[in-house]
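The values are calculated or read from the model by the stated rules, or taken from the named source; none is laboratory data. Please read all numbers here as calculations on a predicted model, not as lab measurements. Reconstructed Cβ throughout: ideal geometry from the backbone, glycine too, with neighbour counts over all protein chains shown. Note: accessible area is taken over every heavy atom of the protein model, side chains too, but ligands, DNA and RNA are not part of it. Shrake-Rupley method; radii C 1.70, N 1.55, O 1.52, S 1.80 Å.
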Amino acid sequence: MKFSSCYVIGAGGTGSILLEPLARLLTYHPNGTNTIYIYDDDKFEPKNSARQFFDPIYTGKNKAIVAAERLKNLCNAIAVPQYVRRYEFGSELLKHRIESHHKEAILVILAVDSEATRNEVIKELDELPYIIDFACVLPGNDYHTATCVWYTREQGKIFPVHPFDVVSNYASPTDHPRGSCAYEAVSSPQLINANFASALMTNEIVYALLEKMPLPFRLNYDGSKLRMETEGKFKAVLV
């Protein structure tokens, strides 16, 4: 696929690790883009130091703003210092698409730990006008395991499978969207190795999409091996 812009939702554990290599991949690949929007309303705190790529001097600073500043000499990184909200996000996608006059696909990476946020963004993507192609990559992890699924919509058709059909908690989340006045999701304990694995799998999927290569619909890291899932079967690809 050829992308006109990229939207990274979340600049925390996985996002802060992912952003620089992702920006290099997209900027220098002929099918990539140098325009990356970074969404996050959180501020960097000392407790984040164990697994997030921020210097302690940025304590108290918004993660999206700091991440965009780090990328300023590499690409056109635009900070959006807020939690993503379903209808606002859809409106922003349409606005950016109209203003840029691009017809290439949109790349969305949901590097968040909220099931409900994933659910809302996926629903909004599905409701975009059918003439807009997109790819959505969904990395996730807990303390020492990681997974990454993806799907695309091209010419109105979903490929290879909609995430709601393979990940039950995306279709029926057990939490609430980030940014709600009544609720703020608490991050589960995580290990930096799992965040690295999640970021690596995301970049592998993005590279395969750029190259139009075949790839499994899900990658998994169990703490010792990286595995890919094709048609419900697991195959070890890295020991």
Margin query: Quick check on the range 123-137. Is at least one of its residues in contact with a strand residue (DSSP E or B) (Cβ under 7 Å, 6 or more places away or on another chain) and more than 22 Å from Asn31 (Cβ to Cβ)?
Written below: no
Next item on the list: Hey, could you check the range 169-196 for residues that are at pLDDT below 90 and polar (S, T, N, Q) and say which is most open to solvent (accessible area, probe 1.4 Å)?
Entry: Thr174
Item checked: Scan of the range 145-171 for residues that are of a type outside the set (Phe, Trp, Tyr) and over 20 Å from Pro129 (Cα atoms), ordered by number -> Thr145, Ala146, Thr147, Cys148, Val149, Asp165, Val166, Val167, Ser168, Asn169, Ala171
Check: How many residues are open to solvent by 70 Å² or more (accessible area, probe 1.4 Å) and either at pLDDT below 85 or of a type outside the set (Lys, Arg) (or both) when one looks only at the range 59-75?
Finding: 3
Checklist line | Residue list for the range 92-113, restricted to those being modelled with pLDDT of 85 or more and in contact with a helix residue (DSSP H, G or I) (Cβ under 9 Å, 6 or more places away or on another chain) | finding: Leu93, Ala105, Ile106, Leu107, Val108, Ile109, Leu110, Ala111, Val112
Next item on the list: Out of the residues in the range 123-152 that are among the β-branched types (Val, Ile, Thr) and buried (at least 21 other Cβ atoms within 10 Å of the Cβ), state the one that is nearest to Leu22 (Cα to Cα).
Entry: Val137
Margin query: Just to confirm my filter: which strands (runs of 3 or more DSSP E) fall fully inside the range 62-165 and include at least 1 residues that are among the polar types (S, T, N, Q) and within 16 Å of the chain's Cα centre (by Cα)?
Written below: 134-141, 146-154
Next item on the list: For Leu19, work out the one condition from (1) at pLDDT 85 or above; (2) farther than 16 Å from Leu71 by Cα it doesn't fulfil.
Entry: (2)
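Look through Ser100, Ser114 and report the one residue that is among the polar types (S, T, N, Q) and open to solvent by less than 10 Å² (accessible area, probe 1.4 Å). Step through it out loud before you land on a result.
Values: Ser100 fails: open to solvent by less than 10 Å² (accessible area, probe 1.4 Å).
Result of the check over Ser100, Ser114: Ser114.
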Check: Does Gln155 meet the test of being within 16 Å of Gly15 (Cα to Cα) and either crowded, with 20+ Cβ neighbours inside 10 Å or at pLDDT 75 or above (or both)?
Finding: no
Next item on the list: Any chance you could count how many residues in the range 15-42 are of a type outside the set (Lys, Arg), open to solvent by 10 Å² or more (accessible area, probe 1.4 Å) and assigned to a helix (DSSP H, G or I)?
Entry: 6
